[in-house]
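What follows draws every value from the coordinates through simple rules; no lab data is involved. The model shown is predicted, which means the values in this text are computed figures rather than measured ones. Ideal geometry is used to build each Cβ from the backbone, glycine not excepted, and the neighbour counts take in all protein chains shown.
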Amino acid sequence: MSHLKPLLACSTLAHFVLAHPYALALDNKDIEEITSHLKTLEVLVLNPSAKESPKPTTSWMLETLLSFTRHCPCIRKIGLFLQADVTVSASEAILAKFPSTSLQNLLWLDVGDSDITNPVAVASFLGEILPLGAEIDYSELCAKWEQVDDLLPIFLRKATQTRRKVHTKVGTTEECRVRGTGYM
């Protein structure tokens, strides 16, 4: 991270792409530091496809995406090598931290060579945080990400329908409160 620290002074930086044959020695705290200083980021790609073998293990988890929701409202493209293992209980705990408008401008998530064990759980998780139409880019060698890509539209539609129902119910409740009629 010490090599990247000078960039943090560029508070209006919108695009930052770093490609390297080896994994970056960064962790979730480093991503939090980057996003908290570079709030105008629209594109952040940090080596999603390391060429080294065996593939690196990383501490970047799906929860890392939370840093972007907190600090980078304009983010359109994210590229990270993630450890995308998630369980249902962990997924629910992480999702509870995401705002309802999380990653609303994200068009593209590049996971490169990231490894996953449960494509259904990952697709379900991403379906809750990505906007409708967001695309996932991944290495053609990662067949499980292809499963996520196939399942994601189903989870995105389901999440969008749920958000609409909640929004409608909140609107109706607010309207009744304003009129003083109450709502049950």
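A few comments on the model shown:
- Peptides 3-15, 123-135 ordered by average Cβ neighbours within 10 Å, highest first: 123-135, 3-15
- From phi via Karplus (6.51, -1.76, 1.60), per-residue ³J(HN,Hα) for the range 5-15 in Hz, x at Gly/Pro: 3, x, 5, 5, 6, 8, 5, 9, 4, 9, 10
- Note, ³J(HN,Hα) from phi for the range 64-74, Karplus 6.51, -1.76, 1.60, rounded to Hz, x at Gly and Pro: 4, 4, 4, 4, 5, 5, 6, 10, 10, x, 9
- Applying a threshold of 22 Å to the alpha-carbon distances of LYS5/LYS39; LYS39/LYS77; LYS39/LYS144; LYS29/LYS144; LYS51/LYS144 flags LYS39/LYS144; LYS29/LYS144 as lying beyond it.
- Under a 5 Å amide H cut-off, with hydrogens placed 1.01 Å from N, VAL45 pairs with PHE16, VAL17, LEU18, GLY79 among residues at least 5 apart or on other chains.
- Between ASN105 and ASP85, the simple label model (points 7 Å from Cα in the Cβ direction) yields a spacing of 3.5 nm.
- Whole-Hz couplings from phi, Karplus 6.51/-1.76/1.60, listed for the range 25-32; x for Gly and Pro: 8, 10, 10, 4, 5, 5, 5, 4
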